[in-house]
Amino acid sequence: SITGTFNLASYSAATDDIRLDFYFRPHTDQLYPNSKVFVRGSDTDPWIKVYDLSANLPALGTYKFSESIEIADSLAAYGQNFSTSTQLRWAGSTAYQASNLGGSGYTFDDIQIYRVQDDIKMVRIDTPYAYACGLNSTVPVKITIRNTSNQALAGPIPVKYRINGGTWVQENTG
């Protein structure tokens, strides 16, 4: 395993949206169920699992992007906060050393810890349904979005869409 210790004492898990992302490449297609990523607010706090490497394996020999991992939310959910000794751990057990292909373990690259502001993501398209027949202009377009930042967003959120290469339509949520 590898552990990094970071001074993040100037941030609060309750008000600052701090995230982690990285690329990883497995060196074997064998599953190692203990291959996970953990965070803790200080070097004496209990570890919190934030990502499962084995459950997200890419094709052998290729890199995969972890997506944005909301570490502030994880710390806050477990009553922890950032400190001068906030730690991240990439843990796992393997049978052999990491080598090109044929070994075991993982290679990690482009590890980033960053603060996010005003972040929204589309969770799903509610209507129209992809399998619906006989769609026409009276079928509403509805989506579900999620504010993934720790701050309330002001005002309506503009959303743009187009159907089958047609004209772009802009509407506001709310």
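Return the residues of region 138-171 that are out of contact with any Asp or Glu (no Cβ under 7 Å at 6 or more places or on another chain), of a type in the set (Ser, Thr, Tyr) and part of a loop (DSSP other than H, G, I, E, B); say none if nothing qualifies. Matches in region 138-171: THR138, THR167.
Anything in region 110-120 that is surrounded by 11 or more Cβ atoms within 10 Å (Cβ to Cβ) and either part of a strand (DSSP E or B) or aromatic (Phe, Trp, Tyr) (or both)? List them, or say none.
From region 110-120, those surrounded by 11 or more Cβ atoms within 10 Å (Cβ to Cβ) are 110-113, 115-116, 118-120; that's our starting set.
Hits for region 110-120 are ASP110, ILE111, GLN112, ILE113, ARG115, VAL116, ILE120.
I'd like the residue in region 145-174 that is of a type in the set (S, T, N, Q) and at pLDDT 80 or above and, out of all such residues, is nearest to the chain's Cα centre (by Cα). Full working, then the answer.
Going residue by residue through region 145-174, those that are of a type in the set (S, T, N, Q) are 147-151, 164, 167, 170, 172-173.
Right, trim to at pLDDT 80 or above and you get 167, 170, 172.
Values: THR167: 32, GLN170: 28, ASN172: 26 Å.
The qualifying residue nearest to the chain's Cα centre (by Cα) is ASN172.
Region 1-61 holds strands (runs of 3 or more DSSP E) entirely within its bounds, and those carrying 2 or more residues that are open to solvent by 50 Å² or more (accessible area, probe 1.4 Å) map to 2-6.
Matching residues to (1) under 19 Å from TYR114 (Cβ atoms); (2) without any contact (Cβ under 8 Å) to a residue 40 or more places away in the chain:
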position: SER12; (1), (2): yes, no
position: TYR23; (1), (2): yes, no
position: PRO33; (1), (2): no, yes
position: LYS36; (1), (2): no, no
position: PRO46; (1), (2): no, yes
position: LEU57; (1), (2): no, yes
position: GLY61; (1), (2): no, no
position: PHE65; (1), (2): yes, no
position: ALA72; (1), (2): yes, no
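The values are calculated or read from the model by the stated rules, or taken from the named source; none is laboratory data. Quick caveat: nothing in here was measured; it's all calculated off a predicted structure. A quick note on method: Cβ atoms are made from the backbone with ideal geometry, for glycine too, and the neighbour counts reach across all protein chains shown. Each accessible area value is taken on the protein alone, full model and side chains, heavy atoms only, with ligands, DNA and RNA left out. Shrake-Rupley method; radii C 1.70, N 1.55, O 1.52, S 1.80 Å.
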